[in-house]
Amino acid sequence: IRVIPTTIVGILTAYLPVIVLAIFNIVLPKLIRFFVVSSGYLTQLETDHGVMLEMYLFLVLTGVVFQAALQGGLGQLGTLIADPSQDAVFAFITAIISPK
C-alpha cells in the first residue's frame, strides 16, 4: 500500500468536509420535503409549513442539543480511545448525558 502524500491529505482534510456539508445542505431540504409529502400533506402551504417545521427541529436538535452533549463528551473521548475499559465507557456516556 502506498502512502498518500501529505499535500493530498491536507487538501482532502481541508476541502472534503466543506464539499460534503454543501451537498448535505442542498439535499436535506429536498429529503425533508419528500418525507413531508409522503406523510400526507396535500397543499403547497401545508407542505411548506411541514418542511419549515422539520428544518427548524433539525437545526435546533443539531445546533443546541447535540453540540451541548458533544462538548461534554469530547473531553472524555480521548480517554475512551486510550483506555477502552468499562469505567472509561461509563465516564464517556455520563459526560455526554450531563454536559457541563
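The values are calculated or read from the model by the stated rules, or taken from the named source; none is laboratory data. What you are looking at is a predicted structure, and each value in this text was computed from that prediction instead of being measured. No Cβ is skipped: glycine too gets one built from the backbone with ideal geometry, and neighbour counts run over all protein chains shown. All accessible areas refer to the heavy atoms of the entire protein, side chains included, with ligands and DNA or RNA removed. Shrake-Rupley method; radii C 1.70, N 1.55, O 1.52, S 1.80 Å.
Checked across region 57-67, the condition of being modelled with pLDDT of 75 or more and surrounded by 12 or more Cβ atoms within 10 Å (Cβ to Cβ) holds for at least one residue. Take region 3-18 and flag every residue that is open to solvent by less than 90 Å² (accessible area, probe 1.4 Å) and under 15 Å from the mean Cα position of the chain (by Cα). The answer is 17, and nothing else.
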